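What follows is a short report on a single structure.
The values are calculated or read from the model by the stated rules, or taken from the named source; none is laboratory data. As the structure is a prediction and not an experimental result, all values here were calculated from the model. Cβ coordinates were reconstructed from backbone atoms using ideal geometry, including for glycine residues, and neighbour counts include every protein chain displayed.
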């Protein structure tokens, strides 16, 4: 990704500091952390991505992002990494909705990502993001994020991207096979 100038965001399997450290030490630009349900969990995710004084990420100079310690000053590396690293938190549980204002108050988060599939399951309508209780909750979350002056994102297929943009989303995720299918359809 870096060679092509593409921002690399990885989704660790959990909010564990070890899981986050593993992907950050491989050289990604940021993480998209699943199932954030509380302010405490949001703060922990940010702390796992950022170095002191913003967090407690392990400071290993022998890793890819630090150029394996070659020609890199520790202070400059940690400052630059703290400025450039991206934190995306996934809001995809009923409990997260109940704690949304507290989650949105955490500093150091770049994007609050609404996970419609898991959210639909948490709200009792698995896989049915268009069901009124789920779609209403999603709109409420987007509205709260926008009112807080923060950035929202979501998963979207090509046909739904315009709707997501109208909801204020500017971080849109889709599966690679959707992009390939669309390209093939346009080509044919």
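Side notes on the structure shown:
- Just one of (1) under 24 Å from residue 12 (Cβ atoms); (2) in contact with a strand residue (DSSP E or B) (Cβ under 7 Å, 6 or more places away or on another chain); (3) modelled with pLDDT under 80 fails for residue 171. It is (3).
- Scoring residue 26 on the criteria (1) surrounded by 13 or more Cβ atoms within 10 Å (Cβ to Cβ); (2) in contact with a helix residue (DSSP H, G or I) (Cβ under 7 Å, 6 or more places away or on another chain); (3) over 15 Å from residue 89 (Cβ atoms) leaves a single failure, condition (1).
- Flag for residue 163 being over 22 Å from residue 11 (Cα atoms) and modelled with pLDDT under 95: yes
- Qualifying residue in the range 7-22 (condition: under 15 Å from residue 106 (Cα atoms) and either modelled with pLDDT under 95 or assigned to a helix (DSSP H, G or I) (or both)): no
- Restricting attention to the range 40-75 and to residues that are without any contact (Cβ under 8 Å) to a residue 24 or more places away in the chain and touching a helix residue (DSSP H, G or I) at 6+ places or on another chain (Cβ under 6 Å), the residue that is nearest to residue 29 (Cα to Cα) turns out to be 66.
- Any helices (runs of 4 or more DSSP H) falling wholly within the range 69-108 and containing at least 3 residues that are in contact with a strand residue (DSSP E or B) (Cβ under 8 Å, 6 or more places away or on another chain): 100-104
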